[in-house]
Every structure is written in structure tokens, then in C-alpha cells.
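The values are calculated or read from the model by the stated rules, or taken from the named source; none is laboratory data. Not measured: the values here are computed from a predicted model. A quick note on method: Cβ atoms are made from the backbone with ideal geometry, for glycine too, and the neighbour counts reach across all protein chains shown. Side chains included, ligands, DNA and RNA excluded: accessible areas come from the protein's heavy atoms. Shrake-Rupley method; radii C 1.70, N 1.55, O 1.52, S 1.80 Å.
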Amino acid sequence: MKSRIVLAREYAKLNQKELAGILGISPSTLNGYERGNHDPKSDGLIKIAKACNVTTDFLLGLSDIMNKEADIQSKAEMNKISFETDKKLQQIIHYYNGMDETGKENLAEQAEYLFGKHQVAKEKEA
């Protein structure tokens, strides 16, 4: 559940402090949920789902569909995304969550740069 809470929060474009404020909990409690140190109770899970506009089934790992309405509306434009994150992606998310806004922007720029290099290399291979 821990990585899905992170994904839901990022889907809602919220940082930990913002989501914690909406939920009425401390940022450290939310951080504990996101790290898997403890799980939210059922009412907390429902609050997270509502605040992030995702389903509780997604948070619980019962479905890979984050938001049924968005899934229905965007099926044509969205490929099904697998949220089974590998350890490297979890590590990147952990680093990202520990950064201030400047650090997050720098990380995003670096990722974009590396992705561009990857695309150029793929095109040269073809």
C-alpha cells in the first residue's frame, strides 16, 4: 500500500505537508504511511482516496485503476499503467519526496535530459 499512497498523492499533485493538512494528520504520520511503517485505519484510507481522487481499491492494491472516471474518459489516450514499482523506482520516489521544490525541479530536469538521451540512442539504433 505504501507506494500506492505516494502515487495517489503525486497524482493529486500534492506534497506530503499539503495532503497531511487536508487529512488532519501530521506530515510525519503521512510519511509513516508512505514508508510502510504503519497503515492508515479504514477511515483514513477513505480520506486519502477522496483527497487524492483515487479509489480505495487502488490504494489497497485490488485494482490498478486509480480513478474510475478518469479511466473511462481517458482510455483512448492512456495506456494501462502498471504500478508495480521496482526497487530502483521506489528509491527515486524516496529521494524525490525528501527534496525541496528546487531539488524536485532539478531531478525532473535531469530525468527529462536522460530520457531525451535515451530516445536519441533508440532512434540511432533503428
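The table below gives the values:
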| read-out | value |
| --- | --- |
| So I93, is it open to solvent by 50 Å² or more (accessible area, probe 1.4 Å), modelled with pLDDT under 90 and in contact with a helix residue (DSSP H, G or I) (Cβ under 6 Å, 6 or more places away or on another chain) | no |
| Members of the range 1-43 that are among the basic types (K, R) and touching a Pro at 6+ places or on another chain (Cβ under 6 Å) | K17 |
